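The values are calculated or read from the model by the stated rules, or taken from the named source; none is laboratory data. Computed from a prediction, not measured in an experiment: that's the story for all the values here. Cβ sites come from the backbone with ideal geometry, for glycine too, and all protein chains shown count toward neighbours.
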Amino acid sequence: MENENSNKEFKVLNLTIEKLSIYYGLFLIAWGVMVSFISGSSSSTSYIPSFLGLPLVVFSYLAVKFSSKKKLFMHIVVIFGLIIFLGGLDFIRSILSGNAFGNFWADTSKIMMLLTGLYFLIQCVRSFIFARKNKE
């Protein structure tokens with residue numbers, strides 16, 4: 001019975017999408033704190049990854065805790081994933097203005113958000129497709 005249920009759950013890196021979302025949110029929180037500390041930045045903008053990671057953790061946890069509302073909470077998580085990806089696209093503005101890596105840590109954070117946000121969004125879409133196909 002347990003194998004039957006586990007086969008009907010989408011997994012990435014052997015994690016459910018909810019757990020992946022929690023870990024991704026924790027990574028973003030840690031990234032923002034570490035980059036702010038390492039760069040010596042006093043600007044609150046260096047914490048943008050942390051600010052975006054916090055709702056990921058909260059809503060992913062709520063999806064795990066209240067499985068009857070999982071669909072709602074995970075849709076909210078995807079919206080924040082999209083915001084993270086779109087925030088990372090700001091790096092393109094730096095490239096077009098010829099200012100790429102003028103602020104090394106800010107641009108590194110943007111690239112990180114762009115790439116990880118894209119990967120996260122792809123996994124979320126795959127999870128939603130899987131859920132649709134396996135709807136009972």
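Among the helices (runs of 4 or more DSSP H) confined to region 22-136, the ones with at least 1 residues that are within 23 Å of K11 (Cβ to Cβ) and touching a Leu at 6+ places or on another chain (Cβ under 6 Å) are located at 48-65, 70-88.
For the structure I just gave you, tell me whether A30 is of a type in the set (A, V, I, L, M, F, W, C), crowded, with 19+ Cβ neighbours inside 10 Å and either more than 21 Å from D107 (Cα to Cα) or at pLDDT 95 or above (or both). No. Against the list (1) of a type in the set (A, V, I, L, M); (2) surrounded by fewer than 21 Cβ atoms within 10 Å (Cβ to Cβ); (3) touching a Ser or Thr at 6+ places or on another chain (Cβ under 7 Å), the condition L13 fails is (3). Scanning region 116-132 for residues that are among the small types (G, A, S) and more than 16 Å from L72 (Cα to Cα) gives a single hit, G117. For region 53-73, indicate whether the set of residues that are in contact (Cβ under 8 Å) with a residue 40 or more places away in the chain, touching a helix residue (DSSP H, G or I) at 6+ places or on another chain (Cβ under 8 Å) and of a type in the set (A, V, I, L, M) is non-empty. Among the residues of region 53-73, at least one is in contact (Cβ under 8 Å) with a residue 40 or more places away in the chain, touching a helix residue (DSSP H, G or I) at 6+ places or on another chain (Cβ under 8 Å) and of a type in the set (A, V, I, L, M), which makes the answer yes.
A131 passes every criterion in (1) closer than 21 Å to G53 by Cα; (2) buried (at least 16 other Cβ atoms within 10 Å of the Cβ); (3) not aromatic (F, W, Y) apart from (1). Figure legend. Inter-residue proximity from region 27-52: first residues more than 20 Å from L115 (Cβ to Cβ), second residues among the hydrophobic types (A, V, I, L, M, F, W, C) and part of a helix (DSSP H, G or I), beta-carbon distance below 8 Å, spacing 6+ or different chains. Indicated pairs: S41/V35; S41/W105. Here region 63-117 is the region considered, the condition is being at pLDDT below 95, surrounded by 13 or more Cβ atoms within 10 Å (Cβ to Cβ) and of a type in the set (A, V, I, L, M), and the residue that is farthest from the chain's Cα centre (by Cα) is A100.
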